[in-house]
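These notes concern the structure reproduced below.
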Amino acid sequence: MSLLLSTAGVRLYYGKLEALHGIDLNFEAHKITALIGPSGCGKSTYLRCLNRMNDLIPGVTITGTLKLEGNDIYAPKTDVVSLRKTVGMVFQQPNPFPFSVYENVVYGLRCAGVRDRATLDERVETSLKQAAIWDELKDDLHKSALSFSGGQQQRICISRVLATRPKVILLDEPTSALDPISSGQIEETLARLRDDYTIIIVTHNMQQASRLSDYTAFMLNGKLIEAGHTSKLFMHPSKQETSDYLNGRFG
């Protein structure tokens with residue numbers, strides 16, 4: 001087991017309200033981990049801790065230890081821009097910028113000062129191929145990314161994350177706004193990417209979690225109830241709350 005990312009005792013407060021209650025969770029390199037649980041259980045809040053997106057919310061305090069390759073994500077010396085390139089994020093709603101496909105994909109590279117056209121061209125092609133959308137878009141790279149379907153826009157957003165060569169990809173319900181065919185295409189893309197990236201996905205879709213993930217973590221009311229190999233957790237959960245949730249008794 002090659003541990004890439006680990007969290008211990010993670011608590012998050014909105015002012016004085018404690019929303020995450022001591023989350024201990026490890027993420028193995030080149031595996032897909034699904035975070036499941038009912039709405040409001042803290043899945044997305046926890047996910048955003050992993051690349052410090054919660055820093056953008058006033059009044060948030062985070063305690064505990066979060067380490068990427070042994071380095072403290074919340075250390076004062078941590079470069080947050082660099083962290084977010086290493087730990088990229090794809091959101092629930094496709095959110096391409098109002099630029100061309102090409103400029104969307106190279107956005108992070110341009111922000112990092114990359115100007116060489118050959119490098120940018122290569123990264124656009126490679127990233128779109130990794131997201132399995134190059135053949136659809138190669139003749140339309142200079143069209144607005146907003147002119148494509150929701151599923152295509154989401155894969156453009158995945159390409160934008162891939163272009164910065166991250167180690168971890170966070171996905172917050174990336175298929176919930178998409179039709180079943182587009183959702184299936186995104187799942188196939190993620191399955192191919194697991195060889196090169198560590199993927200953490202928040203999903204409400206139990207079938208998606210069971211199909212796609214190597215590991216699953218079940219959260220409830222801001223607590224981690226249990227985590228383990230997906231097949232074991234779905235077939236033989238060790239906690240009654242997990243069994244109740246998986247069997248549709250709440251959530």
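Before moving on, here are some points about what is shown:
- Within the span defined as region 84-94, one or more residues are surrounded by fewer than 15 Cβ atoms within 10 Å (Cβ to Cβ), over 27 Å from residue 17 (Cα atoms), under 15 Å from the mean Cα position of the chain (by Cα) and not aliphatic (A, V, I, L, M).
- Inter-residue pairs, beta-carbon under 6 Å, first on the phi > 0 side of the Ramachandran plot and in region 224-251, second assigned to a helix (DSSP H, G or I) and buried (at least 16 other Cβ atoms within 10 Å of the Cβ), 6+ apart: 251/245
- Restricting region 59-79 to residues that are of a type in the set (Val, Ile, Thr) and touching a helix residue (DSSP H, G or I) at 6+ places or on another chain (Cβ under 7 Å) leaves a set whose member that is farthest from residue 16 (Cα to Cα) is 73.
- Qualifying residue in region 72-92 (condition: at pLDDT below 95 and of a type in the set (Asp, Glu)): yes
- The set of residues in region 163-185 that are closer than 25 Å to residue 248 by Cα and either in contact (Cβ under 8 Å) with a residue 60 or more places away in the chain or crowded, with 17+ Cβ neighbours inside 10 Å (or both) comprises 171, 172, 173, 174, 175, 176, 177, 178, 183.
- Subset tally (residues that are in contact with a strand residue (DSSP E or B) (Cβ under 9 Å, 6 or more places away or on another chain) and either basic (Lys, Arg) or surrounded by fewer than 17 Cβ atoms within 10 Å (Cβ to Cβ) (or both)) for region 207-225: 3
- Residue 142 vs. criteria at pLDDT below 95 and part of a loop (DSSP other than H, G, I, E, B): no
- Only residues that are buried (at least 22 other Cβ atoms within 10 Å of the Cβ), among the basic types (Lys, Arg) and more than 23 Å from residue 208 (Cβ to Cβ) were counted in region 14-52, giving 0.
- Filter result for residue 61 (in contact with a Phe, Trp or Tyr (Cβ under 6 Å, 6 or more places away or on another chain) and modelled with pLDDT of 95 or more): yes
- Test: residue in region 55-66 that is assigned to a helix (DSSP H, G or I) and surrounded by fewer than 20 Cβ atoms within 10 Å (Cβ to Cβ): yes
- Residue in region 65-78 that is under 25 Å from residue 176 (Cα atoms) and either in contact (Cβ under 8 Å) with a residue 12 or more places away in the chain or among the polar types (S, T, N, Q) (or both) present: no
The values are calculated or read from the model by the stated rules, or taken from the named source; none is laboratory data. Note that this is a predicted model, so its numbers are computed, not measured. Positions of Cβ are generated from backbone atoms using ideal geometry, with glycine treated the same way; all protein chains shown enter the neighbour counts.
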